[in-house]
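**Student:** Mind having a look at this structure? Questions to follow.
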Amino acid sequence: MTASPARRVLLAAPRGYCAGVDRAVIAVEKALEQYGAPIYVRKEIVHNKYVVQTLQKKGAIFVDETEEVPEGSIVIFSAHGVAPVVHDEARQRRLATIDATCPLVTKVHKEAVRFAKEDYDILLIGHEGHEEVIGTSGEAPDHITLVDGPEDVKNVRVRDESKVVWLSQTTLSVDETMETVDALKERFPALVSPPSDDICYATQNRQVAIKQVAAESDLVIVVGSKNSSNSVRLVEVALGAGAKAGHLVDFASEIDEAWLEGVTTVGVTSGASVPDVLVEGVLEWLAERGFADVEVVQPMRESLTFSLPKELRRDLRAEAAAAVAAPSQAPSQDA
C-alpha cells in the first residue's frame, strides 16, 4: 500500500494584530476602565467582527455617525482616521474625543495637507467608500482625486501635469498599488512620489510572508473579516503567488471540509486586525482533521509599537499622580 502524503500547515508570520490595531483596541479597553461604560466608538474601531463583538460586551457602543453620540459623551475615532469635519462635529456636540487613528494613517493625512498647501493635485490610490480614503480625502477635498486601481487611471484629470503627487490607502496590496503608480507615471511623467512608501509595514510584511507560504500551499486560509481591506488583499496575494485555492473566514466554523479534498499543505495567516485566538481556533480545527504538523514561515520580525492616544496618556498620568498624592485611606486607630 502507498502511504498517504503527510499533511501539514504552513503558518505565516508575521500575521494578525499590527501596532496600529493593537493601540486602537487597547485605547477602547483603557477608556472603558478609566471612564466606565458606555464609551462610544465612531465606526468599527478596526475591521474585525470578533473584536467589535468583544468590545460591545464590555460596554462599547459603535455608531456610524457623530450625531448618534449623546452630547457631552466620550467618543473614540477608529484606527482608519476621520476627516477634519468629523472633529468639528464632535466639538459642536461637546463630545470628549479620543483619536485612535493609526499613526501611519495620520502620516498620510499630514502629507495630504502639506501637498495641498503647495497646490499639488493629489492622486489618492485607494478603494472608493473605504473609511481611510474618506478620512484622507477630507483633509484636502479640493485637491484630491481618488484613483481606484490601474483601470481608473485613464479617467484622471489634473490642472497642471508638472504638479502631481500620489498618495495611497495604507492597506492595499503592494503589487496593486505599484501597478497603479506605474500607470500614473506613464500619463504624468513628472508624478511625485510621497517621502516614504505609504503602504504600512504590517500590510507589506503580511503579504511577503503569505507569498512564501502560498508558493507551497494547496489551500490558503486567511482569517479576517470581509470588510477588512488588508485581509481581502491577503487572499488575492496568496492566489497570485501560487496557492491553488484561497478563502477568507472570520471563524474556524466557516471552513468548509470540502476545501480539504486532495489537499496536503494548508497555508494559514490572518489580517492585521485579527487577534491570534481566532487563528488558534483554525489550527485546532485543522488538527482535528489530520493537519497537526504546523511549520512557522517567518521571513521577518516586527518590533514596532505605538503609544496610546495622547488624550488617554494624559488622563492615565493624571490618575496615577492623584493616586500617589492621595492621603492614606486607612481607618483611624481611634475609631
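The values are calculated or read from the model by the stated rules, or taken from the named source; none is laboratory data. Just so you know, these numbers come straight off a predicted model, no measurement behind them. A quick note on method: Cβ atoms are made from the backbone with ideal geometry, for glycine too, and the neighbour counts reach across all protein chains shown. In case anyone asks, the SASA skips ligands and DNA or RNA and just uses the protein heavy atoms, side chains included. Shrake-Rupley method; radii C 1.70, N 1.55, O 1.52, S 1.80 Å.
**Student:** For the range 26-39, what are the residues that are open to solvent by 10 Å² or more (accessible area, probe 1.4 Å) and either under 21 Å from THR171 (Cα atoms) or free of Cβ contacts under 8 Å to residues at least 40 places away in the same chain (or both)?
**Tutor:** Matches in the range 26-39: ILE26, GLU29, LEU32, GLU33, TYR35, GLY36, ALA37, PRO38.
**Student:** Only one of (1) touching a Lys or Arg at 6+ places or on another chain (Cβ under 8 Å); (2) more than 30 Å from ALA322 (Cα to Cα); (3) part of a loop (DSSP other than H, G, I, E, B) fails for VAL86. Which number is that?
**Tutor:** Result: VAL86 fails condition (3) only.
**Student:** Output the residue which, of all residues in the range 40-54 that are of a type outside the set (Ser, Thr, Tyr) and open to solvent by 10 Å² or more (accessible area, probe 1.4 Å), is nearest to ARG93 (Cα to Cα).
**Tutor:** ARG42
**Student:** Contact list please: Cβ distance under 6 Å, first residue in the range 173-188 and at pLDDT 95 or above, second residue open to solvent by 90 Å² or more (accessible area, probe 1.4 Å) and part of a loop (DSSP other than H, G, I, E, B), pairs at least six apart or on different chains.
**Tutor:** Close Cβ pairs (under 6 Å, with a partner that is open to solvent by 90 Å² or more (accessible area, probe 1.4 Å) and part of a loop (DSSP other than H, G, I, E, B)) amount to PHE188/GLU161.
**Student:** Those residues that are at pLDDT 80 or above, out of contact with any Lys or Arg (no Cβ under 6 Å at 6 or more places or on another chain) and either assigned to a helix (DSSP H, G or I) or hydroxyl-bearing (Ser, Thr, Tyr) (or both), I need them from the range 305-316; list them, please.
**Tutor:** Listed by number, the residues that qualify are THR305, SER307, LYS310, GLU311, ARG313, ARG314, ASP315.
**Student:** I'd like the residue in the range 224-254 that is under 14 Å from HIS47 (Cα atoms) and without any contact (Cβ under 8 Å) to a residue 60 or more places away in the chain and, out of all such residues, is surrounded by the most Cβ atoms within 10 Å (Cβ to Cβ).
**Tutor:** ASN230
**Student:** Quick one: what pairs do we get from the range 46-65, first residue free of Cβ contacts under 8 Å to residues at least 40 places away in the same chain, second part of a strand (DSSP E or B) and open to solvent by less than 10 Å² (accessible area, probe 1.4 Å), C-beta under 6 Å, 6+ apart or different chains?
**Tutor:** Here the result reads ALA60/ILE39; ALA60/VAL41; PHE62/VAL41, each pair linking the range 46-65 to a residue that is part of a strand (DSSP E or B) and open to solvent by less than 10 Å² (accessible area, probe 1.4 Å).
**Student:** For the range 235-260, how many residues meet the condition of being of a type in the set (A, V, I, L, M, F, W, C), part of a strand (DSSP E or B) and touching a helix residue (DSSP H, G or I) at 6+ places or on another chain (Cβ under 7 Å)?
**Tutor:** 1
**Student:** Next up: Which residue is farthest from ILE255 (Cα to Cα), if the candidates are limited to the range 276-295 and must be open to solvent by less than 70 Å² (accessible area, probe 1.4 Å) and outside any helix (DSSP H, G or I)?
**Tutor:** Ranking the qualifying residues of the range 276-295, first place goes to VAL294.
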